[in-house]
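**Q** Below: one structure in structure tokens.
Bear in mind that the values in this text are calculations on the coordinates, not laboratory data. These numbers were taken from a predicted model, which means no experiment stands behind them. Here the Cβ is made from the backbone with ideal geometry for all residues, glycine too, and neighbour counts use every protein chain on show.
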Amino acid sequence: MNFLDILALLARGAGYTVLVTLACSATGLIVGLAIATLRRLRLPVVLPLLDVYTYVFRGIPVLVLLFIVYFGLPGIGLKVPPLLSMVLSLGLIAGAYLAEVFRGALESVDAAEILAAQASGLGRLQVLALIELPQMLRFAVPGMVNEFTTVLKYSPFAYTVGLPEITKQATTLTATTQRGLEIYLAVGLMYFAVFRILLIAVRWIERRYRVPGMVPA
Amino acid sequence: MSPVPLIQVRELVKDFDGQRVLAGVNLDIMEGGIKVVMGPSGCGKSTLLRCLNRLVEPTSGTIHLRGQLVTGAGVDVRALRQGIGFVFQQFALYRHLTVLDNVSLALRKLRGMRRLEAEQKAMYELARLDMAAHRDKYPGQISGGQKQRVALARALAMDPAVVVMDEPTSALDPLLTREVAQLIQRLHGEKVTLLCVTHDVLLARSITEQVVFLDRGVVRAEGSIEHLSSAHPDALIRDFFGRESGA
Ligand SMILES: Nc1ncnc2c1ncn2[C@@H]1O[C@H](COP(=O)(O)OP(=O)(O)O)[C@@H](O)[C@H]1O
Ligand SMILES: [Mg+2]
């Protein structure tokens, strides 16, 4: 097996890494947004539940939750496939962290603008959708990049539940070829490349939606 | 028979956690009229304005708009708010939206106008306030005086029954005071009903001679600044209006 073959196999693993990262980040984004929005609406019964969620999911290690989902749930008859297990562990934990990022960013929205929007006759949900969320998402970019990066760095855990992501490929290839140093260096470079591409994508979106002269209140 | 006021405030009371901020305010605003309410900081001017569109819930008392009771249960608060154009102290433009979108947003979302129609109406209001050329700028890119004009355009776009302005000069360079007064007078000339609260005597004087003096939650005096500053029996009131600025 020449090094090009090795790289090809690693690249396929990198595809799984990207898949896991995107799936978990997207889940985190949706869950985080839902929590931050619901919290903002101050619904009396829901509020404590949201607090419990963020409290628990920020406190539990990713690997422990992953094993509970993948190895534990089959014990009660629920067999969860590997990618879904990642989403239900890493994705939900990312959601709890992103909820906190969004909570902070929402606090940076100028209260006077919210009042002005209400004064114009817009309803609570309209104010949220038209004023608060669009501003908040812009303020939250640094925190989001941070969390997506964390998700990327936790993605190798997918290997423990049998997804052939890049680290898994590297371990197998090292065992058969004994070229561990080159392989792991290549793995490091690929992670770095994925990270850079992620960053470029985020920067592109950020520039696309940048508002001149807007800073958090 | 005297005409019915557009807005009629009667015995308006507002308590904030046991503190009486408005203690029985009475106020009339005539259609097409202009009313300037003055008073020291903290006397309840902003609270009074916010009771008009129920951003603040009055503790007691009544407010009628065009003869309709707007305080109390069962009132469509969102419809009420659409009929009152509010210009906030810091203007409160939506920072993530362009000048044009700031003015057209409520037209699209509340009046159900299509974008083109809403933008035409918004451009009409912006042109009226000499801000048409700035339509694509963001609030962070224009001056305080320009922000105020956009905020006014945003309020006027909804064709409100009354335009309410809270301390229109407090966030601006004092040199702009006369310009603001001229703007307000021009709108008055165009038959816009205006209610303006301020502690700035210079501004009030440049807008109109007749003012209402609010202090410790009630209307203490009403009349010409000339009279209030020289002949009013209360020394505190004479003193307040005697200064060039109430700051
Ligand atoms: N939401 C509120 N909660 C508690 N107190 C308030 C609130 N809004 C205003 N106040 C109090 O009411 C008083 C009058 O405030 P305000 O109407 O803003 O005065 P002005 O606009 O004349 O300066 C102040 O003492 C202020 O602290
Ligand atoms: Mg005030």
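**Q** Restricting segment B:152-164 to residues that are away from chain A (no Cβ under 11 Å) and part of a helix (DSSP H, G or I), which is nearest to the chain's Cα centre (by Cα)?
**A** At the first step, the residues of segment B:152-164 found to be away from chain A (no Cβ under 11 Å) are B:152-153, B:156, B:159, B:161-163.
Filter once more, so that each one left must be part of a helix (DSSP H, G or I): B:152-153, B:156.
Details: B:Leu152: 10, B:Ala153: 13, B:Leu156: 12 Å.
Applying the filter and picking the extreme gives B:Leu152.
**Q** Exactly one of these conditions fails for B:Arg95: (1) crowded, with 24+ Cβ neighbours inside 10 Å; (2) within 10 Å of chain A (Cβ to nearest Cβ). Give me its number.
**A** Against the list (1) crowded, with 24+ Cβ neighbours inside 10 Å; (2) within 10 Å of chain A (Cβ to nearest Cβ), B:Arg95 comes up short only on (1).
**Q** In the set B:Arg50, B:Arg66, B:Arg20, B:Arg81, which member is of a type in the set (Lys, Arg), in contact (Cβ under 8 Å) with a residue 12 or more places away in the chain, crowded, with 19+ Cβ neighbours inside 10 Å and over 25 Å from B:Ser224 (Cβ atoms)?
**A** B:Arg81
**Q** Looking at segment B:165-231, what strands (runs of 3 or more DSSP E) fall wholly within it and have at least 2 residues that are away from ligand 1 (no atom under 16 Å from the Cβ)?
**A** Correct list: B:218-224.
**Q** Within segment B:8-29, track down each residue that is within 8 Å of ligand 1 (Cβ to nearest atom) and more than 19 Å from the chain's Cα centre (by Cα).
**A** B:Phe16, B:Asp17, B:Gln19
**Q** Let me ask something else about it. Taking B:Arg149, is it away from chain A (no Cβ under 14 Å), part of a helix (DSSP H, G or I) and of a type in the set (Lys, Arg)?
**A** Answer is yes for this residue.
**Q** Another question, then. Being within 14 Å of chain B (Cβ to nearest Cβ), of a type in the set (A, V, I, L, M) and part of a helix (DSSP H, G or I) is the filter here, so list the residues in segment A:77-122 that pass it.
**A** A:Ala105, A:Leu106, A:Ala111, A:Ala112, A:Ile114, A:Leu115, A:Ala116, A:Ala117, A:Ala119
**Q** Within the bounds of segment A:174-190, is there any residue that is assigned to a helix (DSSP H, G or I), in contact with a His (Cβ under 8 Å, 6 or more places away or on another chain), touching a residue at least 24 places away in the same chain (Cβ under 8 Å) and not hydroxyl-bearing (Ser, Thr, Tyr)?
**A** Just the residues of segment A:174-190 that are assigned to a helix (DSSP H, G or I), to begin with: A:174-177, A:180-190.
When the remaining residues are screened for being in contact with a His (Cβ under 8 Å, 6 or more places away or on another chain), the result is none.
So far as segment A:174-190 goes, no, none of its residues is assigned to a helix (DSSP H, G or I), in contact with a His (Cβ under 8 Å, 6 or more places away or on another chain), touching a residue at least 24 places away in the same chain (Cβ under 8 Å) and not hydroxyl-bearing (Ser, Thr, Tyr).
**Q** Against the conditions (1) part of a helix (DSSP H, G or I); (2) crowded, with 23+ Cβ neighbours inside 10 Å; (3) out of contact with any Gly (no Cβ under 9 Å at 6 or more places or on another chain), where does B:Ala133 fall short? Just the number, please.
**A** (2)
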